[in-house]
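Here's the structure, in structure tokens; my notes come after.
No lab work stands behind these numbers, since they all come straight from the coordinates. Every value quoted in this text rests on a predicted model; they were computed, and no experiment measured them. In this analysis, Cβ positions are derived from the backbone assuming ideal geometry, glycine residues included, and neighbour counts consider all displayed protein chains.
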Amino acid sequence: MNKKRIFKKILYWISAPIRILWEFNEGFKLQYIRGLQWELEELENIFALLLLGSCIGIPNPPIDLSYRLLPHMIREIYVMQEKSLNPLTIKTGWLNV
């Protein structure tokens with residue numbers, strides 16, 4: 001019984017650096033995934049701004065190109081409608097976006 005307990009303690013202390021490195025790896029993965037998600041959202045915002053920029057006065061691309069890309073904007077249009085129907089919140093701020 002005593003040998004089993006000693007063996008478990010030794011195994012616990014030997015595996016400690018591996019567990020620590022595993023946790024660091026998981027944390028880095030999480031931060032990397034969050035960064036990629038943020039970048040994807042920003043690229044989608046830029047895409048929407050390019051196609052629907054005429055709403056705020058930015059010259060838009062040729063009409064035929066906009067019409068071909070418009071089916072890819074369905075989700076962005078839903079998000080834009082949802083934001084425009086909501087009252088002012090902390091997220092929308094003073095811009096009322």
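Looking at segment 1-74, which GluC sites (Glu not before Pro) are in a loop (DSSP not H, G, I, E or B) and have at most 12 other Cβ atoms within 10 Å?
Within segment 1-74, no GluC sites (Glu not before Pro) qualify (loop, at most 12 other Cβ atoms within 10 Å).
Run through all the Cα pairs of segment 2-95 and give the fraction in each 10 Å bin from 0, expressed as whole percent.
Using 10 Å bins, I get a P(r) of 12, 24, 21, 13, 10, 10, 7, 2, 0 for segment 2-95.
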